[in-house]
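Asks: The structure under discussion is supplied below as structure tokens; questions concerning it will follow.
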Amino acid sequence: MPHSVALILAGGEGSRMNMSIPKQYVMVDGHTVLQHTMYAFQRHQLVNTIHVVVSLQWQGSVAQMAKEAGITKFGSCISAGSSGYQSLRNGIASLARHESDDTIVLVHDAVRPLVSQDIISRNIAVCLSKGNAITALPSQESFMVIDKDDWRHKDTPSGTASQSFIPRESLLLAQTPQTFPLGELKAMMVQAEQRGITESQSLYTLANELGHTPLFAAQGETTNFKITYPQDILILQALLKT
């Protein structure tokens, strides 16, 4: 069984939360969101090490959080970049210095604290059998197609025009973890640099942009949601108490 590591992206500022600290450091049920996330990977028997990509000013705090939460698999803090994509690049570059190309890397959002043991298991299994794994859920909704430039200048979708739709049967909603062998991640970073790609929404979108397909779904769960708005903290609190 190849070495498996969790690469948790925790460099975001969470501007949409309107809070004084980034959302991954908000306390929920006695622990920070990030501690809940780290603990999910700590519990999994196939995950060997946990690395957290985090801004420089929070690195000491994150190391202390890991210690206080009993995260014995905590490996290191890796300095975040100026964007999520740059943080991903930094994380991969750091892993490349001390991990082999066949290491399985589970790239995960710090603000998805309810990632289950089953999701982690499915990611590793699908990656080992198919070459990669993208956590995904069937869509329960149809999607309105809009002009992104029209949407970009609005605070809400009200009044935005749509001329077509995508039926839900043809859609999966991508979550994290998104899981690849380290060697493939390194190759993607090199290819992205050669093509002048400096930003991408996620590892999943980058793989598509570069043609690293097909990408294989690993069944996700509705509880594996991304904390984005203040009300999501209330949902997390409720779920942790169930």
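Asks: Can you list the lysines whose alpha carbon sits under 23 Å from that of Lys67, skipping same-chain ones fewer than 8 residues off?
Replies: Straight-line reach from Lys67, under 23 Å: Lys23.
Asks: Only Lys, Arg, Asp and Glu count, each charged at its Cβ (+1, +1, -1, -1), so figure out the dipole size of the chain about its Cα centre, rounded to 20 debye.
Replies: With only Lys, Arg, Asp and Glu charged at Cβ, the dipole is about 360 debye.
Asks: When the chain is fully extended, how far beyond the present Cα-Cα distance does Arg43 get from Ser79, taking 0.36 nm per residue of separation?
Replies: The Arg43-Ser79 span can extend by a further 10.5 nm.
Asks: Quick one: what Rg and Dmax do you get for the chain from the alpha carbons, in Å?
Replies: Spelled out, the Cα radius of gyration and Dmax of the chain are 17.9, 53 Å.
Asks: Also: If only Cα atoms are counted, what is the Rg of region 1-133, and what is its Dmax, in Å?
Replies: My reading of the Cα-based Rg and Dmax gives 14.2, 43 Å.
Asks: Using helices alone, what [θ] at 222 nm do you get for the chain, with -39,500 (n - 2.57) per DSSP H run of 4 or more residues, divided over all residues and rounded to the nearest 500?
Replies: Calculated at 222 nm, the ellipticity per residue is -10500 deg cm²/dmol.
Each value in this text was obtained by applying a stated rule to the coordinates, not by laboratory testing. The model shown is predicted, which means the values in this text are computed figures rather than measured ones. Quick reminder, even Gly has a Cβ in these numbers, built from the backbone with ideal geometry, and neighbours come from all protein chains shown.
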